[in-house]
Amino acid sequence: MSSKTNLSQRARRAGGKPIANVLMARTMAQPDLVSLAAAFVDHQSLPIEPTRQALEAVWSQPDRALAAMQYGTTIGHPPLRQTVLEQMLEADGRTAGELSLSVDQVVITTGSTQLLYLVADSLLDPGDIVICGVPSYFVVLGMLGNLGARVIGVEMDADGLIPEALQDELTRLEKAGLLDRVKLVYIVSYYDNPSGITISAERRPKLVEIAQRWSRGSTIHLIEDVAYRELRYWGEDIPSIRSFDPDGRTVSVAGSFSKSFSPGIRGGWGILAPELVEPVLSQKGNLDFGSPSFNQHLMTAVLEKGIFEAHLEKIRETYRQKIETLLEAADEQLAPIGRIEWVRPTGGLYVWLRLPEGIDTGLSGPLFDRAIAEGVLYVPGEYCYPSEGCPIARNMVRLSFGMPSREGIRRGVESLARAIRGVI
Ligand SMILES: Cc1ncc(COP(=O)(O)O)c(C=O)c1O
């Protein structure tokens, strides 16, 4: 008699992952396909030479080189944590004192994905509630579902998550006796994935104030994901949501070097509310007792040598050209079809399209296979919706312009236009 492995509830919830699998398999099967789906960064401008210089800086100092090859601490390399904190304060034009911040609240993680997971795992029991804007980053939606959380989506507009919608949802949950189950609000505050939207400066303090006002029994933490803050192509930077939370008990920040430098380094960081530091470090201790020292020493050198800023300048220009190409192609190819709408992002890596009502963009709808046959892959919008709250809009498409060339982007949009015409 053969026995069967009895997987944990969590492993069973994690099963499937249709989006990653399906999209990857499709891309492999058809190499000439233009992928406007993958959230990869521009390949040709990856910082090979700058990384060599940073590595040489580490290697030229024997003590530093040895430390880079040794285990480090769970919280991360002190100079890197210090630099992360200083950069954030500088970007926000604030002092550590004004924001009640110290380097003890800065944690280095293996990608910001790990930070988000550690925070979620520290706060959420199955059935606990997370509120997010709709649409939302599907990897985080999957992660939260995997932890057994209920994720409730509230409405966004061109200025980001609507404070009144958040308030209405909290009122509804309170009436249902569920306020004490609300643990987290998750927000991508700059050039959101997938919507491309940046939360307006006016809304930022309101969101903090609402989270604080409704933290009646226990704190409702607001996690501000700033993965795309540096990828700004037009306009001015605006202060983080964290900068409107002077005592820092509500807002924690998740940041990443993946988009701004290199995802291969898997460098992420968190600036945490004081109450989250210890639990996150305990969880991280159980998981890996520290992210790779080598990568942290390397990133420290990247940041201190001015290498980071120079690279950023370069990729900003690359992406500015790419997004212009995508928006021009959309104006030429998609606008004439009619009833297709998109917001014009000023940064990030995504353009979020609304197709005419009734066109199902999902894997089982007519457009997806048609688009592949025409030579383009996109992310069906339905993956960006949590299972509760705002209903899933079936006619949405996420396009990424990070990876393909400008020529590829043009061809991809032409292919998409042909596919849409074919199903209208
Ligand atoms: C909004 C958002 N947050 C976090 C991440 C993850 O980045 P990291 O490579 O730091 O784990 C991504 C990656 O695409 C993202 O889009």
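If you go through segment 119-130, how many residues are within 16 Å of the ligand (Cβ to nearest atom) and within 19 Å of S387 (Cβ to Cβ)? I'd like the intermediate steps shown before the answer.
Here is the first cut: in segment 119-130, the ones within 16 Å of the ligand (Cβ to nearest atom) are 119-121, 130.
Still in the running and within 19 Å of S387 (Cβ to Cβ): 120, 130.
The qualifying residues number 2.
Report whether or not Y191 is hydroxyl-bearing (S, T, Y), touching a Pro at 6+ places or on another chain (Cβ under 6 Å), within 16 Å of the ligand (Cβ to nearest atom) and open to solvent by less than 20 Å² (accessible area, probe 1.4 Å). Reasoning before the result, please.
Details: hydroxyl-bearing (S, T, Y): yes; touching a Pro at 6+ places or on another chain (Cβ under 6 Å): yes; within 16 Å of the ligand (Cβ to nearest atom): yes; open to solvent by less than 20 Å² (accessible area, probe 1.4 Å): yes.
Criteria met by Y191.
Only one of these is surrounded by 15 or more Cβ atoms within 10 Å (Cβ to Cβ) and out of contact with any Pro (no Cβ under 6 Å at 6 or more places or on another chain): A20, A57, A29. Name it. Even if it seems obvious, please write down each step before you answer.
Values: A20 fails: surrounded by 15 or more Cβ atoms within 10 Å (Cβ to Cβ); A29 fails: surrounded by 15 or more Cβ atoms within 10 Å (Cβ to Cβ).
Result: A57 is the single residue among A20, A57, A29 that is surrounded by 15 or more Cβ atoms within 10 Å (Cβ to Cβ) and out of contact with any Pro (no Cβ under 6 Å at 6 or more places or on another chain).
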Which of (1) farther than 30 Å from T171 by Cβ; (2) touching a strand residue (DSSP E or B) at 6+ places or on another chain (Cβ under 7 Å) is the odd one out, the single condition S252 does not satisfy? (1)
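Within segment 89-118, track down each residue that is outside any loop (DSSP other than H, G, I, E, B), more than 16 Å from the ligand (Cβ to nearest atom), within 19 Å of E278 (Cα to Cα) and free of Cβ contacts under 8 Å to residues at least 60 places away in the same chain. Let's see the steps before the verdict.
Residues of segment 89-118 outside any loop (DSSP other than H, G, I, E, B): 89-92, 103-118.
Next, only the ones that are more than 16 Å from the ligand (Cβ to nearest atom) stay: 89-92, 103-105.
Add one more test, that the residue is within 19 Å of E278 (Cα to Cα), and what stays is 103-105.
Once the filter is applied, which keeps residues that are outside any loop (DSSP other than H, G, I, E, B), more than 16 Å from the ligand (Cβ to nearest atom), within 19 Å of E278 (Cα to Cα) and free of Cβ contacts under 8 Å to residues at least 60 places away in the same chain, segment 89-118 yields only V103.
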Determine whether segment 70-80 contains at least one residue that is surrounded by 13 or more Cβ atoms within 10 Å (Cβ to Cβ), touching a residue at least 60 places away in the same chain (Cβ under 8 Å) and not in a loop (DSSP other than H, G, I, E, B). yes
Here is a check on your reading of the model: is R181 of a type in the set (K, R), surrounded by fewer than 22 Cβ atoms within 10 Å (Cβ to Cβ), in the same structural domain as N295 (by TED's automatic domain parsing) and closer than 30 Å to M396 by Cβ? yes
Of all residues being open to solvent by 10 Å² or more (accessible area, probe 1.4 Å) and in contact with a helix residue (DSSP H, G or I) (Cβ under 7 Å, 6 or more places away or on another chain) in segment 268-295, which is nearest to the ligand (Cβ to nearest atom)? Just the residue, please. W269
Selection from segment 322-364 of residues that are assigned to a loop (DSSP other than H, G, I, E, B) and open to solvent by less than 10 Å² (accessible area, probe 1.4 Å): P345, G348, L349, L355, P356, T361, G362
Per the filter on segment 373-406, residues open to solvent by 10 Å² or more (accessible area, probe 1.4 Å) and part of a helix (DSSP H, G or I) are A373, E374, E382, Y383, R406
Just to be sure I understand, how many residues within segment 132-170 are away from the ligand (no atom under 16 Å from the Cβ), closer than 19 Å to C384 by Cβ and not in a helix (DSSP H, G or I)? 10
Scan segment 341-362 for residues that are more than 16 Å from the ligand (Cβ to nearest atom) and touching a Pro at 6+ places or on another chain (Cβ under 6 Å) and jot them down. T361, G362
Look through V343, V253 and report the one residue that is touching a Gly at 6+ places or on another chain (Cβ under 7 Å), β-branched (V, I, T) and assigned by TED's automatic domain parsing to the domain that holds D225. V253
Looking at segment 224-244, I want the residues that are under 19 Å from S258 (Cα atoms) and have a partner that is within 16 Å of the ligand (Cβ to nearest atom) and at pLDDT below 95 with Cβ atoms under 6 Å, at least 6 apart or on another chain. Which pairs are those? none
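The values are calculated or read from the model by the stated rules, or taken from the named source; none is laboratory data. Everything numeric in this text was worked out from a predicted model, so none of it was measured. Reconstructed Cβ throughout: ideal geometry from the backbone, glycine too, with neighbour counts over all protein chains shown. Ligands, DNA and RNA are stripped out before the accessible areas are found, and what is left, the full protein with its side chains, is counted by its heavy atoms. Shrake-Rupley method; radii C 1.70, N 1.55, O 1.52, S 1.80 Å.
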